[in-house]
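The values are calculated or read from the model by the stated rules, or taken from the named source; none is laboratory data. Bear in mind the structure is a predicted one, so any value in this text is a computation, not a measurement. Don't worry about glycine lacking a Cβ; one is built from the backbone with ideal geometry, like all the others, and counts go over all protein chains shown. Just the protein is used for accessible areas: all its heavy atoms, side chains included, with ligands, DNA and RNA removed. Shrake-Rupley method; radii C 1.70, N 1.55, O 1.52, S 1.80 Å.
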Protein chains: 2
Amino acid sequence: MMIGRGLVNRCAALAVLFLAFVAGGPARAEDGYALWLRHAPLEGEALERLRRFSGVVIEEEASTETSRLAAAELDRGLKLLLGVYADEIVVDGSVIRLDCKAGDGDGRFTVASDEDEIRISGPDKTSCLYGVYGLLRELSQGKDPLSVNLDEKPAMPLRMLNHWDNPDGHVERGYSGRSIFDWWRLPEHLDQRLIDYARANASIGINGTVVNNVNASPLFLTDRYIPKLKRVADALRPYGIKLYISARFSAPHEIGGLDTADPLDPRVQAWWKERADALYAAIPDFGGFLVKANSEGQPGPQDYGRTHADGANMMARAIGDRGTVIWRAFVYSEVDATDRAKQAYAEFVPLDGKFDENVIVQVKNGAIDFQPREPFHPLFGAMPHTRLMLEPQITKEYLGFSTHLVFLAPMWEEVLRADTGRGGTVAQVIAPAGMAGVANIGSDRNWSGSHFDQANWYAFGRLAWDPGLTSEAIAREWAAQTFSREPAFLDAVVSMMLASRQAAVDYMTPLGLTHQMDTGHHYGPGPWVADLARPEWNPMYYSRADKGGIGFDRTASGSNALSQYAPSVAAQWNDPRKTDPEYLLWFHHLPWDFPMQSGKPLWNELIARYDHGVAEVDRMAGTWASLEPYVDDQRFADVADFLRIQQQEARWWRDASIAYWQSLNGLGLPEGTCPPEHSLDYYRSLTFPEAPGN
Amino acid sequence: MMIGRGLVNRCAALAVLFLAFVAGGPARAEDGYALWLRHAPLEGEALERLRRFSGVVIEEEASTETSRLAAAELDRGLKLLLGVYADEIVVDGSVIRLDCKAGDGDGRFTVASDEDEIRISGPDKTSCLYGVYGLLRELSQGKDPLSVNLDEKPAMPLRMLNHWDNPDGHVERGYSGRSIFDWWRLPEHLDQRLIDYARANASIGINGTVVNNVNASPLFLTDRYIPKLKRVADALRPYGIKLYISARFSAPHEIGGLDTADPLDPRVQAWWKERADALYAAIPDFGGFLVKANSEGQPGPQDYGRTHADGANMMARAIGDRGTVIWRAFVYSEVDATDRAKQAYAEFVPLDGKFDENVIVQVKNGAIDFQPREPFHPLFGAMPHTRLMLEPQITKEYLGFSTHLVFLAPMWEEVLRADTGRGGTVAQVIAPAGMAGVANIGSDRNWSGSHFDQANWYAFGRLAWDPGLTSEAIAREWAAQTFSREPAFLDAVVSMMLASRQAAVDYMTPLGLTHQMDTGHHYGPGPWVADLARPEWNPMYYSRADKGGIGFDRTASGSNALSQYAPSVAAQWNDPRKTDPEYLLWFHHLPWDFPMQSGKPLWNELIARYDHGVAEVDRMAGTWASLEPYVDDQRFADVADFLRIQQQEARWWRDASIAYWQSLNGLGLPEGTCPPEHSLDYYRSLTFPEAPGN
């Protein structure tokens, strides 16, 4: 502290504490609101290199609302990176030039640099917007402006978020506060947060958003909501983002005054047409409807003896060539509960080729429900005449909510690169459609509930833009923009992020186990649960564990779900001795002493996996502790607190699971293994009424 | 914009837009998070006067955690006011000296200034904390440091907030997002927001907080919650704030394993004693329990044939001299619904003198329920042997939620200054106890849902510290700290704030009408509602309107609730010709043509009042529009948006109410009066499922 000497002498006799007004004035704490658009000031050589650029120029013919926003965004980013003030400007003639056309294409862009200028160009309205964010991404990582040369286009047309937000602000499976959509105060008031939401999305190429829960309220189809939706759509439009809504299939009956919602009834068809017209009158570029039908109690065409195609096509015709109907394939019913994993394939494959052109079928990454690890969904590749969209979940419903650090890019990379055995990878199958991520965004100051969950939002957008990116590259560029450009920091934090998903799989549901969470919340262990009304809601349905063994037989001797995959794919999972251990108990029911490829009996391997998961979280906490010098105080403490919670909860998962398996198999623990800390009864007794997100 | 000239020339042929890196770098938008502790930089003479102070000195013997916090707070505030950086420091020997003892008293303090120094002193641990905030309050208004001379002590010992927050984060009657208490992540993680909450409260003298809803979950009494509560209490303690919880009376039965919660059962007594001991072991300065018993379905001693005093004293003995039991007098039952206003008095007055010394009875400002205007509660003054605490509601359950601008200090001033006719004003009656405000604080970035609702939090604290402050003085000091010190701004905004509460009374429930809100939400009109199960839930119960007249007869010819007041007070409200028109229909049922003191018939006066309310809101919107030069962009727009909503909703209240009264009395409108915009059926048809706070 710089202290005036005269004053210190004068006070020496009585003062023990002296706070002079020093240290550069009060800096605002970093709270995570800025996301990866934080653009921390550059230093040293990187700063000097950027200082030669003194302005942003927009070519006259490229001047649209979006390109002006792009220029303002670039100006803002550069100011942050330069930390400049008016009197520090160096004008030496180098500029950044925005020169894009006003087309309606996919937003491809180039960024080309030479000594005189950096030029961002492209054929579309959004080219310069994406180009600006592309350039800022490079600059924020400290790269030499003159070395930035980008030539990019998105890999798929639809890169969307799905918000499971209810009109009253509650977010289903939301672990980051309330909804950012304030329907109560709209349309008169639009929160600044929605603008920053649009900026963040545009910066990673997201171009569509479904603003309400798939368990949909019909409110969104009422006249009263149209001005509200319009205000949001108007705010998102300049950022290249289209608004969609989840539509409740039974709305014609519930709010339309009809006695049916039968898709073949002309009155129903007319009702949807009239509603679509009203929406398009207010929002000319309205994206369309997302529909969850005949799933988990939601209404749908099967209520009237019609098919998913009947329902989807009826709505698609109401929309016409103005937009898209996205129909979810996440269905399971009480009728056939022999293997829930089989139902979507069974219902949808026969409909291949029967959907209208403007219908997309949206398929989760796996056949159950966003579990820590699932094999890719057998629908991918099995509907060659239907556009399929991939639905991964960004919010971590089954992966520790917002307190566990789990970087999801490796999981999505796994599914995107999976070879369907039917002429391409999943990424290739979805290329004509896109990806829709179930958002983890809420009113929490840091948007995602935890700082590291921002990385999952980021990674989703980046992978939808380019599924060829590696998890490592995404982690590194995210961490550099979000926390620190220091290589030592990046090496450590990227390694931690990359290991985190396998850690979660191992402490929660190793070796292909799945759906083992307790009732009433989805974040803690409940392998013992077997009392829920529908068989496929129970963890015991999935583990099939008993004294003799564990695992779900999905081979020909069991449910034969394996047969839904292409033969070449099925072959690799058919023999338990050759199956990748990560999927072993997904496809096979095996005795506890089954000899693993590692040489250990299954029981010992299972315990080793739990232990690995716990150890990995401990390692993450240790790594983070060593990174304190690189991170601002508040965010450092936030992450450290959450890792402490994760350490406790990883142990909870391990101990409760092992205690339960022991109660079934009566087996002891391998030598040197820690016993569960508490009794099985203790774990069964735990309740968490304050757990969020249901 | 400062633009490099060479560059402009060079680009003139093609550039239409040029954004140079100017304008002082990117300033953060003002979002309201800083509250009245914003401390905007001083300018001109005020800045020069403060610049002579160069440091903060703490006397050695005064060095406690709290005084160090006080010094840090002063340092932070001064830096913000000075906008200083290290190289601008002027060290000329003038300091601010903190010299307080470490007593446990009420926090009285003095601030004395001379040429050499400003000295803050006092006998208690919190003296310097309150002194620092007192000094900063003056400096933030631009006052000359050398003219600041304060000598203050709080008027009452308990200055508390009551949070109606549930463990899952939902806030009952919350219009500003979710709870700031994150019980799910506690105790491992304490959000920075709780520290800033403590700072804001300490700055206005609040010294206690009840962290959970009076409709209480027994969770807060479980072992699992004690570490969570302890973590919060530890964070609040250095700011002079004690933690209390709402205790569910039936907890011994619900979580204690007993078959009863009878307060006279020794097992029940032992259970509460054990729970109190557990809480005090973790939190030595735990404040105590707040109890809502036998009210609106909550359990209580009457369930076992015992009195409120039996219940309160049992819990008070469990706590002993370690803390306080605060027992709410807000009771009403289905048994006697002739006049809900009478019940609290009837149940509690007979118990006067029967409560233990560490029991306080907490009484709402009026006898119904936080209505826009009620006469003061007849219990004040009627229980001379019982400590009574005043419970006003800061969250605006019946006053337009967080979108209507309604400054509540005039309402509270009205009740505090009311002469009970029994030897003192309400302020004097509550002086031995205190005030508990139902908080309007949530997770919204600006804490209160709207910027102007921050003023109600502020005013509550200031009035609890000094009920002699005027609404005008509070509004002026708040607005100067929060928005702008410019006299022209202050004159306009203070005038707007002072008129706002009467405006709300007039457009909602003029002339003593009350409880006229629609079912399912509490912010819109529903005077027609008469179908709710309990009579006293219905607006029609309160208006008693029919073809012949309107109003609730509470004189001797009616419910005689008037007799609960002291004779001198009752006398002023007994004769409708002499009763203050503001309370007219509260006490009297009158024909529509009753001649008012204004000379108008009642019906015409009623309409004039509605019109006045609407006109006043229009005037507020106009005033605010003229203040744009003084206010930062985001906050200006936020307030303007909300005023637009308030303009619409004031008309809605007026029009729906008039339409309904007309349907009863068949009367036409006075000449020149605008008819309701829509039909009565339209107003009755409106529903708002997205309205918050139920």
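Per the Debye calculation on region B:500-551 with a single equal scatterer at every Cα and no solvent contribution, log₁₀ I(q)/I(0) for q = 0.13, 0.18, 0.30 Å⁻¹ amounts to -0.30, -0.57, -1.20.
Over 26 Å between C-alpha atoms is what I'm after, so list which of B:Lys153/B:Lys228; A:Lys125/A:Lys354; A:Lys292/A:Lys342; B:Lys228/B:Lys273 land there.
Cα-Cα > 26 Å for B:Lys153/B:Lys228; A:Lys125/A:Lys354; rest within.
Remark: region A:25-165 is approximated by an ellipsoid whose semi-axes, taken from the C-alpha gyration tensor as √(5λ), come to 25, 21, 14 Å, largest first. Taking the square roots of 5 times each eigenvalue of the Cα gyration tensor of region A:218-332, largest first, gives ellipsoid semi-axes of 24, 15, 12 Å.
For region A:425-496, the ratio of Cα radius of gyration to the globular rule of thumb 2.2 N^0.38 Å stands at 1.23. The figure for A:Trp465 is an accessible area of roughly 10 square angstrom, using a 1.4 Å probe on the protein chains alone. Cα-based values for region A:459-517, radius of gyration first and Dmax second, are 14.0, 40 Å.
Would you kindly give the portion of the calculated P(r) for region B:506-685 that falls above 30 Å, as a percent of all Cα pairs? Please report the intermediate quantities before stating the final value.
Values: 4234 of 16110 pairs.
Considering region B:506-685, 26 percent of its Cα-Cα pairs are separated by more than 30 Å.
What separates the Cα centres of region A:569-634 and region A:105-164 is a distance of 38 Å. Distance from the alpha carbon centroid of region B:641-694 to that of region B:176-198 works out to 39 angstrom.
Computed over region B:141-271, the range of Cα coordinates on each principal axis works out to 66, 32, 27 Å, biggest value leading. Shape verdict for region B:509-612, please, from the Cα gyration tensor: rounded (a/c under 1.5), prolate (a/b greater than b/c) or oblate. Here region B:509-612 falls in the oblate category.
Accessible surface for chain B, divided over its residues, is 34 Å² per residue with a 1.4 Å probe.
Per residue, the convex hull spanned by the alpha carbons of region A:594-673 comes to 94 Å³. Volume per residue for region B:158-469 equals 119 cubic angstrom (convex hull of Cα atoms). The value obtained for region B:371-530, namely the Cα convex hull volume divided by the number of residues, is 129 Å³ per residue.
Roughly what % antiparallel, to the nearest 5, for the DSSP beta bridges in region B:158-469? Percent antiparallel among DSSP bridges in region B:158-469 is about 5. DSSP bridge analysis restricted to chain B gives an antiparallel fraction near 25%, rounded to the nearest 5.
For A:Gly55, the amide hydrogen comes within under 5 Å of the amide hydrogens of A:Ile96, counting only partners 5 or more places away or on other chains and with H modelled in the peptide plane. For region B:158-469, the relative contact order is 20 percent, taking Cα pairs closer than 8 Å that sit 6 or more residues apart in sequence and dividing their mean separation by the residue count.
Scanning residues 5 or more positions from B:Leu290 or on other chains, those with amide H under 5 Å from its amide H are B:Ile245, B:Ser246, B:Ala247, B:Ile326, with H placed 1.01 Å from N in the peptide plane.
Taking label positions 7 Å along the Cα-Cβ direction at both B:Asp575 and B:Asn694, the computed distance is 4.7 nm, reported to one decimal. Considering helices alone, the calculated mean residue ellipticity of chain A at 222 nm is -11000 deg cm²/dmol, with DSSP H runs of length four and up weighted by -39500 (n - 2.57) and normalised per residue.
In whole angstrom, note down how far apart the Cα centers of region A:225-286 and region B:50-73 are. Computed from Cα coordinates, the inter-centre distance equals 61 Å. Normalised by the number of residues in chain B, the mean separation of alpha-carbon contacts (under 8 Å, six or more apart) gives a relative contact order of 12 percent.
Across the accessible surface of region A:561-686, with the other protein chains kept in place and a 1.4 Å probe, carbon and sulfur atoms take up 52 percent. Over the protein assembly as shown, the fraction of Cα-Cα pairs per 20 Å bin, rounded to whole percents and listed from the shortest bin up, is 9, 33, 38, 18, 1, 0. Ordered by solvent-accessible area of protein heavy atoms (1.4 Å probe), largest first, the residues A:Cys674, B:Cys128 come out as A:Cys674, B:Cys128. Each 20 Å bin, from zero up to the one with the longest distance, holds this percent of the alpha carbon pairs of chain A: 17, 48, 29, 6, 0. Ranked from largest to smallest solvent-accessible area, with a 1.4 Å probe on the protein heavy atoms, A:Arg501, A:Arg485 come out as A:Arg485, A:Arg501. In the complete set of protein chains, residue-level accessible area for A:Thr623 is approximately 30 Å², probe 1.4 angstrom.
Using Cβ point charges alone (K and R +1, D and E -1), the dipole size of the protein assembly as shown about the Cα centre works out to roughly 500 debye. Each residue was assigned an accessible area with a 1.4 Å probe, and for B:His170 the value is about 80 Å².
When the residues B:Lys578, B:Lys79, A:Lys396, B:Lys101 are ordered by accessible surface, computed with a 1.4 Å probe over the protein chains alone, the sequence from largest down reads B:Lys578, B:Lys101, B:Lys79, A:Lys396. Here the label points at B:Glu472 and A:Leu47, each 7 Å from Cα along the C-beta direction, are separated by 5.3 nm in the simple model.
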